[in-house]
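First the structure, in the form of structure tokens, and then the observations on it.
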Amino acid sequence: MKLTGFLRKEFTVLPLSVADTGVELIIRKIGGSPEIKKHLEDLGFTVGGSVSVVSKLGENVIVRVKESRIAINDEMARRIMV
């Protein structure tokens, strides 16, 4: 029974917009149109890369990705699945 719960938690994928601050996460999927995906990739968001939420200010999320701090809006953060 515990093993099943562990596996469920291990494979849960959630949008970056709901992630806790200060936790390093792995990007699992990036959604959106090809233009949005390219824009996020240009900012450093790549599948398999690490990201962490530094803070949330209103509808903006400040994240750390590839040793940089980047501010994105909540809509973009919802497209990044971790």
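Here is how the numbers come out for the structure above:
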read-out: Highest-first arrangement of 15-22, 53-60, where packing means the average Cβ count within 10 Å; value: 15-22, 53-60
read-out: Cα→Cβ-extended label distance, 7 Å offset, between Asn73 and Glu24, nm; value: 3.1
read-out: Distance histogram in 5 Å bins (all Cα pairs of the range 13-81, percent per bin); value: 4, 20, 34, 30, 12, 2
read-out: Gain upon complete extension [Lys66, Val47; 0.36 nm per residue less C-alpha separation]; value: 5.6 nm
read-out: Surrounding net charge for His39, when Lys and Arg each add one and Asp and Glu each subtract one, Cβ distance under 13 Å; value: -1
read-out: Inter-centroid distance (Cα atoms) of the range 17-31 relative to the range 36-67, Å; value: 8
read-out: Degrees, to the nearest 10: 34-43 long Cα axis against longest axis of the chain; value: 90
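Read the figures in this text as sums done on the coordinates, not as results from a lab. Every value quoted in this text rests on a predicted model; they were computed, and no experiment measured them. Neighbour counts run over all protein chains shown; Cβ positions are idealised from the backbone, glycine included.
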